[in-house]
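I have placed the structure first, in the form of structure tokens, so that the comments after it can refer back to it.
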Amino acid sequence: MPETIGELSAVELTAAIRTKEISAREALAAHLGRIEEVNPVINAVVTLDPEGAQALAHHADQLTAAGAELPPLHGLPMTHKDTNNTAGMRTTQGSLALRDYVPDADDLIIARLKAAGVVSTGKSNVPEFGAGSHTFNDLFGTTTNPYAPTLSAGGSSGGVAAVVASRVQSIGDGSDMGGSLRIPASFCNVVGFRPSTAVIPMPSDVNAYAWLGRTGPMARTVEDIALFMSVTAGPDPRVPHPAGLEPEVFRSSLETDMRGVRIGWSRDFGIGVPVEPEILEHLERQLRVFEELGAIVEEATPDFSEADLVFGNTRAMDFAAGLGPLLERAGDVIKPEVHWNVNKGLALTARDLIETAAARTRLEAGVQSFFSRYDLFASPCAQVLPFDATLRYPGSVAGTPSETYLDWMRSACVLSATGLPVLSVPAGFSSTGLPIGLQLAGNHYTDMQLLRWGRAFEQQTGYAAVAPVIAADVPALTTVPA
């Protein structure tokens with residue numbers, strides 16, 4: 001079985017460890033061996049602590065042998081996204097400004113994963129401070145796509161997506177402000193899930209009320225997404241949001257009946273978001289899967305006319321609050337995209353903030369009008385196929401020039417502005433073999449039902465089972481785009 005460990009889901013691997021078919025040390029050896037094999041090509045793992053991981057795996061095996069009560073993710077090896085703080089392990093956020101930073105405490109999502117039995121092994125690559133959906137930085141270079149190692153893996157959770165797709169690990173933790181869990185999932189043929197507000201709380205010393213950014217999971221199966229959520233969801237007293245969903249919700253059945261489910265599908269979100277024609281043509285064929293399951297699919301969209309304003313101003317304010325002080329101290333080594341976003345936030349006026357709040361109110365009214373008629377919203381996840389990894393971002397999309405580094409991510413950003421739970425599921429491959437993801441959104445706090453519908457699509461298609469073939473003679477792209 002050790003030769004097949006990388007193909008196992010988290011549900012399967014943790015079950016095998018609990019029943020002693022596989023030891024935690026064997027699972028770790030397979031994990032580290034796969035990193036050694038693929039990382040020289042995809043450059044996804046940037047920090048590794050094999051000695052610390054060995055100690056954790058040994059302790060996990062001792063617990064198994066002693067017949068102790070075992071946690072849900074007992075013995076599961078996992079690298080973590082380098083924007084999530086890990087106590088005692090370097091956390092750089094992909095920036096030269098933090099190249100030697102070692103946190104004293106874990107972020108909440110990491111603490112909950114460790115409490116659930118995860119064997120932490122290292123960190124995966126990110127764009128600097130998670131800014132942008134292409135994973136490169138001056139500290140570690142560029143992470144590339146396991147399915148085409150000269151192309152982008154997406155971002156900002158690009159390192160996570162690449163290791164999950166490459167069978168290094170079955171699940172991973174990421175984060176998502178403007179598509180950072182969904183776009184790399186689409187690029188790398190895995191599942192990415194952005195939960196509802198505060199379902200996985202994000203405590204902050206700067207703004208405990210922040211709502212745009214989320215943490216969440218990536219995996220190769222929706223079942224593993226639910227498992228991850230079952231150990232990371234739940235309230236935290238430091239976050240003054242509604243409690244949202246308790247972890248027990250994600251332990252309920254994933255079975256569902258799609259007969260009569262009403263799905264609104266949009267090619268351009270009703271606001272002219274450009275999408276490459278091949279992606280649209282492919283996804284519209286995939287929508288027949290839902291119809292075969294008994295769902296009703298129609299062209300329909302929420303009113304996203306003010307989503308760009310809400311997203312752009314809220315993101316800028318969050319960047320200014322979180323990174324403004326660091327830019328003052330170390331701005332000379334931080335990339336221009338971060339400067340642009342922080343400066344935009346610092347330039348916001350009281351009138352801008354008032355208009356943003358009003359626009360968000362109208363956006364929510366449009367969302368609720370949509371969900372009074374439909375159960376699910378379907379859309380393209382990424383506007384482009386995985387692109388040349390030597391670019392900073394695509395210069396145009398379907399003939400429309402990109403004016404900023406965010407323009408090619410609008411398909412994800414406009415949904416971020418709504419605050420809705422959003423799931424990206426593998427939906428097949430382009431004519432050249434590149435992954436394409438389908439984006440599904442449900443109403444607020446319907447997270448588990450959204451996972452059920454995503455799993456129904458997954459069961460009918462099975463695209464995530466198609467593994468990449470990674471040639472060992474392809475060198476990693478350690479340089480960064482100019």
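The values are calculated or read from the model by the stated rules, or taken from the named source; none is laboratory data. The shown structure was predicted, so the numbers you read here are calculated from the model rather than taken from an experiment. Don't worry about glycine lacking a Cβ; one is built from the backbone with ideal geometry, like all the others, and counts go over all protein chains shown. For accessibility, only protein heavy atoms count, side chains too; no ligands or nucleic acids. Shrake-Rupley method; radii C 1.70, N 1.55, O 1.52, S 1.80 Å.
Could you list, in sequence order, the residues of the stretch 349-387 that are of a type in the set (Asp, Glu) and open to solvent by 70 Å² or more (accessible area, probe 1.4 Å)?
Residue satisfying the conditions is Glu355 alone.
If you scan the stretch 54-76, which residues turn out to be open to solvent by 20 Å² or more (accessible area, probe 1.4 Å), farther than 15 Å from Ala15 by Cβ and hydrophobic (A, V, I, L, M, F, W, C)?
Ala55, Leu56, Leu63, Ala65, Ala66, Ala68
Scan Ser170, Ser175, Ser186 and give me the residue that is over 10 Å from the mean Cα position of the chain (by Cα) and hydroxyl-bearing (Ser, Thr, Tyr).
Answer to the check: Ser170.
Determine if the stretch 290-307 includes at least one residue that is of a type in the set (Gly, Ala, Ser) and in contact with an Asp or Glu (Cβ under 9 Å, 6 or more places away or on another chain).
yes
Determine, yes or no, whether Gly442 is at pLDDT 95 or above, open to solvent by 10 Å² or more (accessible area, probe 1.4 Å) and within 21 Å of the chain's Cα centre (by Cα).
So Gly442 does not fit the description; no.
Let me confirm something: among Thr150, Thr142, which residue is at pLDDT 95 or above, touching a Ser or Thr at 6+ places or on another chain (Cβ under 9 Å) and open to solvent by 10 Å² or more (accessible area, probe 1.4 Å)?
Just a single option satisfies the conditions, and that option is Thr150.
What is the residue count in the stretch 448-482 for residues that are basic (Lys, Arg) and over 12 Å from Leu254 (Cα atoms)?
0
With respect to the numbered conditions (1) closer than 25 Å to Val191 by Cα; (2) surrounded by fewer than 19 Cβ atoms within 10 Å (Cβ to Cβ); (3) of a type in the set (Ser, Thr, Tyr), which one is the sole condition not fulfilled by Thr14?
So Thr14 meets the others, but not (2).
Can you find, within the stretch 153-179, the residue that is surrounded by the most Cβ atoms within 10 Å (Cβ to Cβ) among those that are among the polar types (S, T, N, Q) and under 21 Å from Leu227 (Cβ atoms)?
Ser157
Residue-by-condition table, conditions (1) in contact (Cβ under 8 Å) with a residue 40 or more places away in the chain; (2) more than 16 Å from the chain's Cα centre (by Cα):
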position: Lys81; (1), (2): yes, no
position: Thr92; (1), (2): yes, yes
position: Tyr101; (1), (2): no, yes
position: Ile110; (1), (2): yes, no
position: Val119; (1), (2): yes, yes
position: Lys123; (1), (2): yes, no
position: Thr135; (1), (2): yes, no
position: Phe140; (1), (2): yes, yes
position: Asn145; (1), (2): yes, no
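Wholly within the stretch 125-234, which helices (runs of 4 or more DSSP H) include no fewer than the required count, namely at least 3 residues that are of a type outside the set (D, E, K, R) and more than 24 Å from Ala389 (Cβ to Cβ)?
Where helices (runs of 4 or more DSSP H) fall fully within the stretch 125-234 and carry at least 3 residues being of a type outside the set (D, E, K, R) and more than 24 Å from Ala389 (Cβ to Cβ), they are 222-232.
Considering the stretch 401-420 alone, what residues qualify as being in contact with a Phe, Trp or Tyr (Cβ under 9 Å, 6 or more places away or on another chain), within 22 Å of Ser305 (Cβ to Cβ) and either open to solvent by 30 Å² or more (accessible area, probe 1.4 Å) or of a type outside the set (Gly, Ala, Ser) (or both)?
Of everything in the stretch 401-420, those that are in contact with a Phe, Trp or Tyr (Cβ under 9 Å, 6 or more places away or on another chain), within 22 Å of Ser305 (Cβ to Cβ) and either open to solvent by 30 Å² or more (accessible area, probe 1.4 Å) or of a type outside the set (Gly, Ala, Ser) (or both) turn out to be Thr404, Leu406, Asp407, Trp408, Met409, Arg410, Cys413, Val414, Leu415, Thr418, Leu420.
May I ask you to list pairs of residues, at least six apart or on different chains, whose Cβ atoms are under 9 Å apart, with the first in the stretch 261-280 being polar (S, T, N, Q) and the second being at pLDDT 95 or above and open to solvent by 10 Å² or more (accessible area, probe 1.4 Å)?
That search, which allows pairs on different chains as well, returns Ser266/Glu299; Ser266/Ala300; Ser266/Thr301.
Yes/no matrix, rows are residues, columns are (1) modelled with pLDDT of 95 or more; (2) touching a strand residue (DSSP E or B) at 6+ places or on another chain (Cβ under 9 Å); (3) among the acidic types (Asp, Glu); (4) open to solvent by less than 10 Å² (accessible area, probe 1.4 Å):
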site: Thr91; (1), (2), (3), (4): yes, yes, no, yes
site: Leu96; (1), (2), (3), (4): yes, yes, no, no
site: Asp104; (1), (2), (3), (4): yes, no, yes, no
site: Asp107; (1), (2), (3), (4): yes, yes, yes, no
site: His134; (1), (2), (3), (4): yes, yes, no, yes
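Say we look at the stretch 457-482 and pick out the residues that are more than 20 Å from Asp388 (Cβ to Cβ) and among the small types (Gly, Ala, Ser); which of these is surrounded by the most Cβ atoms within 10 Å (Cβ to Cβ)?
Here the answer is Ala464.
Let's see how each residue does on (1) closer than 27 Å to Trp453 by Cβ; (2) charged (D, E, K, R):
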site: Pro386; (1), (2): yes, no
site: Thr390; (1), (2): no, no
site: Gly395; (1), (2): no, no
site: Thr404; (1), (2): no, no
site: Asp407; (1), (2): no, yes
site: Gly428; (1), (2): yes, no
site: Ser431; (1), (2): no, no
